[in-house]
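The values are calculated or read from the model by the stated rules, or taken from the named source; none is laboratory data. Treat the numbers as computed from the prediction; the structure is a model and nothing was measured. Every residue, glycine among them, receives a Cβ derived from its backbone with ideal geometry; neighbour counts consider all protein chains shown.
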Amino acid sequence: MPVTAPQMRRLSLDDEPLAALAPELAVEVLESATSTNAVATERARGGAAEGTVVVAEHQTAGRGRLDRTWETPPRASLTFSLVLRPAVPAGEWPWLPLLTGHTVAKVLRGRGYAAAGVKWPNDVLLGERKVAGILVERVETPAGPAAIVGVGLNVSLTEDDLPVPNATSLALESGTEPDRTGLLLELLRSLREAYDAWQAGGPDATTHLRSSYAAACVTVGREVRVSLPGGGELLGRATGIDPAGRLVVTGPEGETVVGAGDVVHVRPADAGPDQ
């Protein structure tokens with residue numbers, strides 16, 4: 001049942017419990033920002049340490065893949081970016097958005113959203129509807145390269161607030177408005193724990209992540225239509241995730257492997273343009 005705007009209190013985040021995340025995470029809450037990824041990039045280039053987090057109560061020009069932008073009402077979402085400085089080889093960095101989406105989905109399932117799953121490469125779904133997006137960007141800084149991990153999670157958006165028809169929010173799915181501070185705390189702790197374990201675990205950790213992610217990925221096992229830059233399309237069944245985090249699509253001419261940077265959209269083969 002849709003949740004109407006008057007029912008949403010949309011409280012501000014509570015700074016005190018967020019401050020308790022230090023020293024592993026240093027959280028900066030901004031009342032408004034164009035893009036938390038842009039602000040986090042500035043912080044990283046200014047010397048911000050790994051674990052710096054930028055949160056915006058109101059993000060006015062959020063960015064997704066391929067420079068898509070959107071805006072949501074103040075305090076209706078969780079929009080944040082985390083500065084990481086991975087020590088793993090550069091070839092392992094494409095796993096970061098998959099690890100992030102997988103962790104967000106696990107947190108949501110733990111909170112009772114049983115339909116939470118990941119859509120390759122960077123979306124979190126509740127059933128067939130998008131509830132969160134992930135954007136990971138590599139930036140060069142005086143202290144070396146950094147990864148800016150951005151998350152946008154729809155918390156109390158109503159049907160009228162949704163940026164696209166196939167989106168949803170936690171409130172729309174549950175009928176109640178979750179406590180954003182408690183949810184943000186859990187997400188940040190879980191993301192840091194998953195990231196640290198992945199970094200420390202070496203190849204075995206990546207192998208485990210690959211298996212765990214594939215099992216939770218709603219894309220794997222479906223007939224898909226992959227839109228390619230330049231207007232081309234790839235049709236086939238998504239049959240797995242390769243060791244580099246790329247999607248394996250099996251079609252009439254055999255297997256094709258595509259990375260996140262190689263595609264515009266990945267949709268179910270029978271889906272409309274908004275899915």
- request: Give the residues of region 33-66 that are hydroxyl-bearing (Ser, Thr, Tyr) and modelled with pLDDT of 95 or more, sorted by residue number.
  value: Thr36, Thr41, Thr52
task: Check whether at least one residue in region 261-274 is in contact with a strand residue (DSSP E or B) (Cβ under 9 Å, 6 or more places away or on another chain), modelled with pLDDT of 95 or more, on the phi < 0 side of the Ramachandran plot and surrounded by 15 or more Cβ atoms within 10 Å (Cβ to Cβ), and report yes or no.
output: no
task: Starting from region 162-182, take each residue that is closer than 18 Å to His58 by Cβ and list its partners that are of a type in the set (Asp, Glu), counting only C-beta distances under 7 angstrom and pairs at least six apart or across chains.
output: Ala171/Glu177; Thr181/Asp14
task: Scan region 31-50 and report the pairs whose first residue is closer than 11 Å to Val83 by Cβ and whose second residue is assigned to a loop (DSSP other than H, G, I, E, B), with Cβ atoms within less than 6 Å and a gap of 6+ or a chain change.
output: Ala44/Thr141; Arg45/Thr141; Glu50/Arg85
message: If Trp198 meets every condition in (1) touching a strand residue (DSSP E or B) at 6+ places or on another chain (Cβ under 7 Å); (2) within 30 Å of Asp242 (Cα to Cα); (3) assigned to a helix (DSSP H, G or I); (4) touching a residue at least 60 places away in the same chain (Cβ under 8 Å) apart from one, which number is that one?
response: (1)
message: Would you confirm, using the coordinates I've provided, whether Arg246 is basic (Lys, Arg) and under 20 Å from Val136 (Cα atoms)?
response: yes
- line: Of the residues in region 197-243 that are touching a Leu at 6+ places or on another chain (Cβ under 7 Å) and of a type in the set (A, V, I, L, M), the one that is nearest to Leu99 (Cα to Cα) is Leu209
message: Please list, ordered by residue number, the strands (runs of 3 or more DSSP E) wholly in region 60-162 having 3 or more residues that are surrounded by fewer than 22 Cβ atoms within 10 Å (Cβ to Cβ) and charged (D, E, K, R).
response: 129-139
- request: Within region 124-144, track down each residue that is out of contact with any Pro (no Cβ under 8 Å at 6 or more places or on another chain) and farther than 20 Å from Pro178 by Cα.
  value: Glu128, Glu137, Glu140, Thr141, Pro142, Ala143, Gly144
message: So in region 1-19, with the set limited to residues that are of a type in the set (A, V, I, L, M) and at pLDDT 95 or above, which one is nearest to Glu177 (Cα to Cα)?
response: Leu13
message: Can you say whether Gly230 is out of contact with any Gly (no Cβ under 7 Å at 6 or more places or on another chain), of a type outside the set (Asp, Glu), closer than 28 Å to Gly110 by Cβ and free of Cβ contacts under 8 Å to residues at least 24 places away in the same chain, as far as the supplied structure shows?
response: no
- request: List the number of the failed condition for Ser77; all other conditions in (1) in contact (Cβ under 8 Å) with a residue 60 or more places away in the chain; (2) small (Gly, Ala, Ser); (3) under 17 Å from Trp198 (Cα atoms) hold.
  value: (3)
task: Sort out which residues of region 235-249 are small (Gly, Ala, Ser) and in a strand (DSSP E or B), and write them in order of number.
output: Gly236, Ala238, Gly240
- prompt: Of Val164, Val224, Val264, Val249, which residue is in the same structural domain as Ala56 (by TED's automatic domain parsing) and either touching a Gly at 6+ places or on another chain (Cβ under 8 Å) or of a type outside the set (Phe, Trp, Tyr) (or both)?
  reply: Val164
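Each row is one residue, and each column tells you yes or no for (1) in contact with a strand residue (DSSP E or B) (Cβ under 9 Å, 6 or more places away or on another chain); (2) under 30 Å from Pro89 (Cβ atoms).
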site	(1), (2)
Leu135	yes, yes
Pro142	no, yes
Ala146	yes, yes
Val155	yes, no
Asp161	yes, no
message: Condition first: farther than 15 Å from Leu153 by Cα and surrounded by fewer than 14 Cβ atoms within 10 Å (Cβ to Cβ). Now tell me which residues in region 169-195 satisfy that.
response: Gly175, Thr176, Glu193
